[in-house]
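One structure below.
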Amino acid sequence: MFIQNSIPDFLALYESKKEFELLDLESYINRYPDVYDQYFPIHCPKTGERLQAAIKKYPVKIKDIRKISTKLPIIIEEIETKYSNAYSLDLNLEYKLIVGTYGSNAFVTRTNKREIYFAVEKLSSETNHLKVIVAHEIGHVAHFSFATQNEMDLTKVDWMHGLTTLYTEGAATYLSRKIVPGLNNSVYFTYDDDGDLWVNCFEENKSEVKQRFLEDASSGWDMKKEKEWFRLSGGSYFGHNRLGYLLGTDYIEHLVERVGEEEALVFWKGNDLKADILVWLGT
């Protein structure tokens, strides 16, 4: 396990300035070029407007950022150990803890499936919330590890298709519930205490949500659909974004009931996963 925590550098710079300005933020970012090359522009656009907007938001978040900087490394070690013990995995992951500019909150990098980023300005400082998002991101790596242990070639996965995203996000959410059990259901999707309306919207409109995703998945996938179903910028269909996460978790739970947990988590090896999801969406 290796944790690169650049948050103390941000805090030291921020607190040394009477007024934190664009040049200060750029100075912090430029200290870690290799780190921020993974963050910009894939997970956050890098524009002057975006950086200036982030600077205006930092003052109300700075106390949380301090707390997270202390808590998060401890939580990462705890959750990685739980995964290792529960699934006999030798994960040995790399973690980058950064202050970002209000793009993605956390992600596994595209170029290294064993490297996880947390952009702490987007995170709750509440301990259980942090445990869940850490468990979700490590859940992705655990899910990929199950596949490689079964000799699956991940380079042949259609990573850009929404049906793949539905499966992988569902698996990560399912695993986070196993590793950090007993919390309010919505916490596993929003990583805070504000998600009940979102989950209720899905439950009340599940048939319509499944049908609309089926229509989108059957007519060719593109970035507009990806954003609608899996990004914070979506939500035009039903008034709530990222409903694909809820769909994915629902599918994984259905799959676990049908074939068992072990088989469900490696179902994309040797099965037509996309076809199976399309059938399920139509039921």
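The values are calculated or read from the model by the stated rules, or taken from the named source; none is laboratory data. Please read these numbers as outputs of a predicted model, since none were measured by experiment. Neighbour counts run over all protein chains shown; Cβ positions are idealised from the backbone, glycine included. SASA here: full protein model, heavy atoms, side chains in, ligands and nucleic acids out. Shrake-Rupley method; radii C 1.70, N 1.55, O 1.52, S 1.80 Å.
The table below lists the values:
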read-out	value
Virtual spin-label span in nm between ASP194 and THR109, 7 Å along Cα→Cβ	3.0 nm
Antiparallel bridge percentage (DSSP; both residues within the chain; nearest 5)	25 percent
LEU154-GLU215 FRET efficiency (beta carbon distance; Förster radius 30 Å; 0.05 resolution)	0.60
Straight-distance crosslink candidates among lysines, where the alpha carbon sits under 25 Å from LYS225 and sequence neighbours closer than 8 are dropped	LYS46, LYS113, LYS122, LYS156, LYS206, LYS210, LYS274
Relative contact order, percent, region 1-156 [alpha-carbon distance under 8 Å, six or more residues apart]	27 percent
Calculated FRET value between ALA12 and ILE74, using beta carbons and R₀ = 25 Å, to 0.05	0.75
Inter-probe distance in nm under a simple model that places probes 7 Å from Cα toward Cβ, at ASP34 and HIS254	4.4 nm
Rounded percent of accessible protein surface that carbon and sulfur make up, the chain, 1.4 Å probe	48 percent
For region 168-227, with +1 on Lys and Arg beta carbons and -1 on Asp and Glu, the positive-most of CYS201, ILE179, PHE189 along the dipole	ILE179
Relative contact order [Cα under 8 Å, 6+ residues apart], region 89-170, whole percent	24 percent
Solvent-accessible area per residue, Å², over region 93-149 with all protein chains present [probe radius 1.4 Å]	24 Å²
Distance from region 87-162 to region 198-222 (C-alpha centre basis), Å	25 Å
Estimated [θ] at 222 nm from DSSP helical runs (n ≥ 4, -39500 (n - 2.57)) normalised by residues in the chain, nearest 500	-19000 deg cm²/dmol
Formal net charge of residues neighbouring ASN150 (Cβ-Cβ distance under 11 Å; K, R +1; D, E -1)	-3
Electrostatic dipole magnitude of the chain [Cβ: Lys, Arg +1; Asp, Glu -1; Cα centre; debye, to 20]	620 debye
Global form of region 118-260, assessed from the alpha-carbon gyration tensor, a/c cut-off 1.5	rounded
Over the chain, relative contact order from alpha-carbon pairs under 8 Å, at least 6 apart, %	16 percent
Length released on extending from LEU278 to THR47, taking residue separation times 0.36 nm less the Cα-Cα span	79.3 nm
